[in-house]
1. Taking G225 as the residue in question, decide whether it is on the phi < 0 side of the Ramachandran plot, touching a Lys or Arg at 6+ places or on another chain (Cβ under 7 Å) and small (G, A, S).
2. May I ask you to list pairs of residues, at least six apart or on different chains, whose Cβ atoms are under 9 Å apart, with the first in the range 336-355 being under 14 Å from R383 (Cβ atoms) and in a strand (DSSP E or B) and the second being more than 15 Å from the ligand (Cβ to nearest atom) and of a type in the set (F, W, Y)?
3. Give E480, E412, E434 a once-over and let me know the one that is assigned by TED's automatic domain parsing to the domain that holds N369 and farther than 23 Å from I385 by Cα.
4. Within the range 354-363, track down each residue that is within 16 Å of the ligand (Cβ to nearest atom) and touching a strand residue (DSSP E or B) at 6+ places or on another chain (Cβ under 9 Å).
5. If we scan the range 97-105, do we find a residue that is outside the structural domain of V285 (by TED's automatic domain parsing), under 24 Å from G242 (Cα atoms), over 14 Å from the mean Cα position of the chain (by Cα) and buried (at least 24 other Cβ atoms within 10 Å of the Cβ)?
6. Can you name the condition, by its number, that L235 falls short on among (1) buried (at least 22 other Cβ atoms within 10 Å of the Cβ); (2) in contact with a strand residue (DSSP E or B) (Cβ under 6 Å, 6 or more places away or on another chain); (3) aliphatic (A, V, I, L, M); (4) under 23 Å from T125 (Cα atoms)?
7. Of everything in the range 364-400, what is within 11 Å of the ligand (Cβ to nearest atom) and assigned to a strand (DSSP E or B)? Give them in sequence order.
8. If we scan the range 335-345, do we find a residue that is more than 20 Å from C291 (Cβ to Cβ) and within 14 Å of the ligand (Cβ to nearest atom)?
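The values are calculated or read from the model by the stated rules, or taken from the named source; none is laboratory data. Predicted model, so just to flag it, every value in this text is computed and none were measured. Cβ: placed from backbone, ideal geometry, glycine included. Neighbour counts: every protein chain shown.
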Amino acid sequence: MKRLIPTLLVGLITTMNHDTSMADMNIESGPSAGPVNLPLIPYPRSVTPGPGQLRMAGNVTLSTPDEAENASRALREWLADRGINVSMDTGPRISLSLGDAQTHGAEGYRLSIADDIRIEAATDTGLFYGVQTLRQLFPVQAQPGYTLPHVVIDDRPEFEWRGNMLDVARSFLPLEYLRAHIDRMSRFKLNRLHLHLSDDQGWRVEIKAFPKLTEVGGASSVEGGRSGFYTQAELRELVAYGEARGVIIVPEIDLPGHTQAAIASYPELACPDVTNLSTYSGVEVGFSKLCLTQPETTYSFTEGVLTEIVDIFPSPYIHIGGDEIKDPLYAEFIGKATRIVESLGRTAVAWEEASVADNDPGVLLQLWNDEYDIQPALDRGHRLILSPCSYTYFDHGNYEGQPNTYTWCRKEGVPMERAYQFNPQSYSQVHGVESAMWSELVHTDATADNRLWPRVLTTAEIGWSPAEARNYEQFLDRLEALRPQLDAMGIQYYRPQALP
Ligand code: TNX
């Protein structure tokens, strides 16, 4: 049931009225999300309104600790962008301070707005997230003055892994898109960008020991898609860009299947009886594989590639694929590949089919097919990244029948409401959640935006907010309030017919 806007928010709304699309912001309150529905995504764990309001003009004073480099930079850049001056002695103080890990955890923070604005956290990342929350409370355009509600927000994430996967193998995405995506993700506290870097249709990462992977495999793509590859230097820069925004880039090299681009580059990777050694631009899967009966070639390739991958990507997790392939030696290969990753000092992630192998229980399994039996792996202690296709595959339609979308997992597509209803709390041993955008049918930046947004915001909220703080009606109201922020980021998000 909708209620009048609580007085606490009147000042905020008044400020927002300058912005026409904010004017119709519909603040709703309900029992499950506490007394107010601040325009925040993901919704914080705890919101305690205070009695007053903070009024400020376009000046603030700042105090930021040296150790909080990323949060301080994000705060200063945003203030500069918003035209808010940092001065020595006028305006309220915004202070960032590093405190106690027990209270806030690795990514949590407390944001208090009273006469001053304080953000406390145990880490730079926690402070960074506090800054993101503060930012969402401000209108997107510079105003002569701002009024903020007095409030204390205590917040920390439900899951450590809050991810999004981009398939850059079927169709390439330019570096600028990836940088923009990292910015966008970090604004909503998403922290793992999983890059699907190789598949039948393309190989996208420079490997110095195997230069033909990008000469041949980098030049192919799915039909109608984009080809290309990233150099190691470009990827290192992207990693640093992510690090400054709390986003770890998790690379995936899909093995031992989905390897036609590698085989076309190095035919000796296929068994001698294989005649199809050319690049591939179709969409069917499951036909290519490394020759597992030739361990010398297969493992020196696997080890050589993974060694360079760990050198480029400091991520504690390296994804080795492992999906959609039948081979009598499959389980043996996976066991060996996950141990190669371990020997390189990292933890392997693999698609859930890999659960048949004798892996160290530390290996993370990424669940994607609602019908797969994962129980035996859970019994052995594996933890899960949850990406069930019928809730999280954003190559499926925003609505039933959307052109250029898949339906193989769910014929009705994955409308946002459905995506929001996904409940990771109904699984056990959950390490995190991740949505995925496969790119067989996604060939431009605009289409990528349309498939990803706003649905990625459901991943952000499901990954961060506890089940009690989630409510779809309220989420829609908050999304509506944040729409100018998505617009300002230049996101060409899908607009449902129901919205003007
Ligand atoms: C299944 S999910 C795949 C991908 C496809 C995707 C299309 C998974 C591990 N494999 O190869 O691109 O479906 O929705």
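1. It is true that G225 is on the phi < 0 side of the Ramachandran plot, touching a Lys or Arg at 6+ places or on another chain (Cβ under 7 Å) and small (G, A, S).
2. Listed pairs, sorted by first residue: T347/Y317; A348/Y317; V349/Y317.
3. Values: E480 fails: assigned by TED's automatic domain parsing to the domain that holds N369; E434 fails: farther than 23 Å from I385 by Cα.
Exactly one of E480, E412, E434 is assigned by TED's automatic domain parsing to the domain that holds N369 and farther than 23 Å from I385 by Cα, namely E412.
4. If the condition is that a residue be within 16 Å of the ligand (Cβ to nearest atom) and touching a strand residue (DSSP E or B) at 6+ places or on another chain (Cβ under 9 Å), then A354, S355, A357, V363 are the ones that fit.
5. No, the range 97-105 contains no residue that is outside the structural domain of V285 (by TED's automatic domain parsing), under 24 Å from G242 (Cα atoms), over 14 Å from the mean Cα position of the chain (by Cα) and buried (at least 24 other Cβ atoms within 10 Å of the Cβ).
6. Single failed check for L235: (2).
7. Matches in the range 364-400: Q366, L367, Y393, H396.
8. no
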